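Heads up, the thing below is written out as structure tokens.
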Amino acid sequence: MERTLILLKPDAVQRRLAGRIISRFEDKGLNFVAMKLLRVTPELAKKHYAEHVAKGWYPTLEQFITGGPIIAAIVEGLEAIQVVRDMLGATSGLKAAPGTIRGDYSSSRQMNLVHASDGPEAAKREIELYFKKEEIIEFAPTITPWLRAGDE
């Protein structure tokens, strides 16, 4: 079982797409183990996007991510990191394939609705930025045996 962080960015929340996006992850069989609505502060943005802070376009990114509420969540499932990234599609909504979340709902490079961790190390670091250990709920949905074989 693998966990990853997803952020429904301000554009997803403002456009009232959160329910549709969350449903797509649930429909895929991913399990939400933590979720909360919050505003990203400039300090949190700098920690989250530390590798980008020195880049010329970072101020625009910070202004966007701090510009409205987001929904932070942890999803769990088999190969969850890659599954989520595949469901999102290409980073730019302009290049994302139809059927992906960005392909269906985004027409922007920056306003691409959802952030997802890009690997196990990033997932661990990002989860720790947004959630305390006690905010993560350990449970197995009763539907689990109908979503995957017992040895997966």
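The values are calculated or read from the model by the stated rules, or taken from the named source; none is laboratory data. Since the structure is predicted, the reported quantities are computational estimates derived from the model, not experimental observations. Every residue, glycine as well, gets a Cβ built from its backbone with ideal geometry; the counts of neighbours run over all protein chains shown.
Each residue in segment 132-152 was checked for being at pLDDT 95 or above, part of a loop (DSSP other than H, G, I, E, B) and touching a strand residue (DSSP E or B) at 6+ places or on another chain (Cβ under 9 Å), and 2 pass. If you take the residues of segment 1-19 that are in contact (Cβ under 8 Å) with a residue 60 or more places away in the chain and outside any strand (DSSP E or B), which of them is surrounded by the most Cβ atoms within 10 Å (Cβ to Cβ)? Ranking the qualifying residues of segment 1-19, first place goes to ALA12. When MET111 is tested against (1) at pLDDT 95 or above; (2) surrounded by 14 or more Cβ atoms within 10 Å (Cβ to Cβ), exactly one condition is not met: (1). When LEU129 is tested against (1) outside any helix (DSSP H, G or I); (2) modelled with pLDDT of 95 or more; (3) in contact with a Leu (Cβ under 9 Å, 6 or more places away or on another chain); (4) loosely packed, with under 15 Cβ neighbours inside 10 Å, exactly one condition is not met: (1). For segment 56-102, a residue qualifies if it is in a helix (DSSP H, G or I), surrounded by fewer than 18 Cβ atoms within 10 Å (Cβ to Cβ) and without any contact (Cβ under 8 Å) to a residue 24 or more places away in the chain, and the qualifying residues are TYR58, PRO59, GLN63, GLN82, ASP86.
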